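Here is the structure we will look at.
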Amino acid sequence: MSITASSSESTTITATMIKKIAKLFNSLSHQLLMPIVGILVFLIFWTATAQNIDTSLGKFPNPANVFQQFSSLYQEHVDERVKAEAFYERQEIRNSDRLAKDPNYPVKVRQYTGKETILDQIVTSLITVACGFITAAIIAIPLGIVLGLSKPINNALNPIIQIFKPVSPLAWLPLVTMVVSAVYVSPEPMIAKSFLNSMITVTLCCLWPMVINTSVGVVTMDQDLVNVSRVLRLPALKHVQKIVIPASIPMIFTGMRLSLGIAWMVLIAAEMLAQSPGLGKFVWDEFQNGSSESLSRIMAAVIIIGFIGFLLDRGMLQLQRFFSWDKSVILR
């Protein structure tokens, strides 16, 4: 009997291990294998389609042409950094020689004004979108809380929100440019006007999802929480701090995630139109350049823009999962 029992237990353990392995394989196939298959199918379709598209600059670039540009763009960045270092070294030597001849010589340090590489443009775009997004969050989240708590204020401001919500950044940009040029008058501005134009345009276009989602989160919070606040007779600010914000965090982060995606899309369009430094300007400059490699470089920039947008979305999703207590409202 003991041999039979031992054999039965061994069979059960083996079956359990097989089930676990099958479950793990199934999970890997969904999370890893299927995305790889999808990417391969897309690359094959892209290669086949590119061969049949003729443009004024030649054949539409295939994946091999585009991926070759990644190394070229990176090499351009390395070469530009070498030039910058050489420029500062020559400047330092020149200033040292002049100080040796005249100790009272006022040392002048000039900034390197060489060509901005695509890595420089990426950093500029990320700084711009971060500033616009944070500015929008500072305005939108408190406003959304006020709208959710006060029905009269909500009724008063809701028509304005609904009117401005669908307005394209292409419509905001000329207005923002004229206002900034009229208000921000300085012979030596600390912040470039082109940066302000793009940042304010981003702010205006990503306000609305945060305002709407925050107000919805406040309105739909559990009534039991409101009753607890009333029983404890919490002051207004304490009520917002202890009850409203924790209960609304899932919807607040949903609005922030949607706004960040909108902010990144809006920024590229704003940079193209305003000719402000960033990935949008890089794309426009390559389009105007019209060289034989322009299409490949533009397509490489498109992939970079999409990949950065994906990383921003995943990063915001992780923050949402970390801060949200209600995981059921988190979008994938």
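The values are calculated or read from the model by the stated rules, or taken from the named source; none is laboratory data. No experiment lies behind these values; they were computed from the predicted model shown. No Cβ is skipped: glycine too gets one built from the backbone with ideal geometry, and neighbour counts run over all protein chains shown.
The table for this structure:
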quantity: M199 vs. criteria under 17 Å from A269 (Cα atoms) and at pLDDT 85 or above; calculated: yes
quantity: Residues of the stretch 206-237 satisfying the condition of being of a type in the set (A, V, I, L, M, F, W, C) and at pLDDT below 80; calculated: L225, V226, V228, V231, L232, L234, A236
quantity: Answer residue from the stretch 240-280, given it is at pLDDT below 90 and among the hydroxyl-bearing types (S, T, Y) and is farthest from K165 (Cα to Cα) among those; calculated: S276
quantity: Residues of the stretch 175-193 that turn out to be under 23 Å from the mean Cα position of the chain (by Cα) and farther than 19 Å from W208 by Cβ, as a count; calculated: 4
quantity: Lone qualifier among Q111, Q91, Q121, Q51 - being more than 33 Å from the chain's Cα centre (by Cα) and within 28 Å of D285 (Cβ to Cβ); calculated: Q91
quantity: Residue list for the stretch 232-257, filter: closer than 14 Å to L143 by Cα and exposed (fewer than 13 other Cβ atoms within 10 Å of the Cβ); calculated: none
quantity: Criterion: exposed (fewer than 12 other Cβ atoms within 10 Å of the Cβ) and at pLDDT below 85 - qualifying residue of K151, K115; calculated: K115
quantity: Failed item, numbered, when Y105 is tested on (1) over 25 Å from K281 (Cα atoms); (2) assigned to a helix (DSSP H, G or I); (3) hydroxyl-bearing (S, T, Y); calculated: (2)
quantity: Hits in the stretch 179-225 - residues which are acidic (D, E) and within 30 Å of I249 (Cβ to Cβ); calculated: D222, D224
quantity: Residue check for T201: farther than 18 Å from Q275 by Cα, hydroxyl-bearing (S, T, Y) and touching a helix residue (DSSP H, G or I) at 6+ places or on another chain (Cβ under 8 Å); calculated: no
